[in-house]
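The values are calculated or read from the model by the stated rules, or taken from the named source; none is laboratory data. In this text, all values refer to a predicted model and were calculated from it rather than measured experimentally. Neighbour counts are summed over all protein chains in view; Cβ atoms, including those assigned to glycine, are modelled from backbone coordinates with ideal geometry. What goes into the accessible areas is simple: the full protein's heavy atoms, side chains included, and nothing from ligands, DNA or RNA. Shrake-Rupley method; radii C 1.70, N 1.55, O 1.52, S 1.80 Å.
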Amino acid sequence: MEKRLRKYINRKFFFYPKTDKIIEVREELFSLMLDKYTDCLESGLPKDECYERAIEMMEDYKNAIREVET
């Protein structure tokens, strides 16, 4: 599932410049998503639901990018 989450976040960041700040934000968001996924799994939720909850964390990723671009 880690690969699936990585693929998801890489698609979201595909068109952004590969600056150090953008990469840092991407990796931080990926880490948060992975933590969320793991926490959900440990609480006994099905894998698909864990994935959905993890990607919900990406809803505000554009705001995070705007912050580092300014």
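Pairing the Cα long axis of helix 20-42 with the longest principal axis of the chain, what angle in degrees results, from 0 to 90 and rounded to the nearest 10?
It works out to around 10 degrees.
How much accessible area per residue does the chain have, in Å², with a 1.4 Å probe? List each step's numbers first, then the result.
Values: 5040 Å² over 70 residues.
Spelled out: the 1.4 Å probe surface of the chain, per residue, equals 72 Å².
Sorted by average packing, counted as other Cβ atoms within 10 angstrom per residue and highest first, what order do 49-56, 24-31 take?
Details: 49-56: 16.6, 24-31: 15.1.
My ranking of the peptides, most packed first, is 49-56, 24-31.
For the chain, what is the calculated [θ] at 222 nm in deg cm²/dmol (nearest 500), taking -39500 (n - 2.57) for each run of four or more DSSP H residues and dividing by its residue count?
Values: 4 runs with 53 residues, N = 70.
Computed mean residue ellipticity for the chain: -24000 deg cm²/dmol.
Under the Karplus relation 6.51 cos²θ - 1.76 cosθ + 1.60, θ = phi - 60°, what is the ordered set of whole-Hz ³J(HN,Hα) values for the stretch 5-10, x standing for Gly and Pro?
With coefficients 6.51, -1.76 and 1.60, one gets 5, 4, 4, 4, 5, 5 Hz.
First measure r as the distance between the Cβ atoms of Phe15 and Arg53, then evaluate 1/(1 + (r/R0)^6) with R0 = 35 Å and state the FRET efficiency to the nearest 0.05. Before the final figure, lay out the partial values.
On the way: r = 25 Å, r/R0 = 0.73.
Calculated transfer efficiency: 0.85.
Tell me the carbon and sulfur percent of the accessible area for the chain, rounded to whole percent, probe radius 1.4 Å.
Solvent-exposed carbon and sulfur of the chain make up 49 percent of the total.
Can you tell me the convex hull volume per residue for the chain, based on C-alpha atoms, in Å³ to the nearest whole number?
Numbers: hull volume 5.0 nm³, N = 70.
Hull volume normalised by residue count: 72 Å³.
I need the peptides 34-44, 10-20 ranked by packing, meaning the mean over residues of other C-beta atoms within 10 angstrom, with the highest value on top. Working shown, then result.
On the way: 34-44: 14.1, 10-20: 11.0.
Ranked by mean Cβ neighbours within 10 Å, highest first: 34-44, 10-20.
Show me, for the stretch 51-59, the HN-Hα J-couplings you get by feeding each phi into the Karplus relation (A = 6.51, B = -1.76, C = 1.60, θ = phi - 60°), rounded to Hz, glycine and proline as x.
Coupling constants for the stretch 51-59: 4, 4, 5, 5, 6, 4, 5, 7, 4 Hz.
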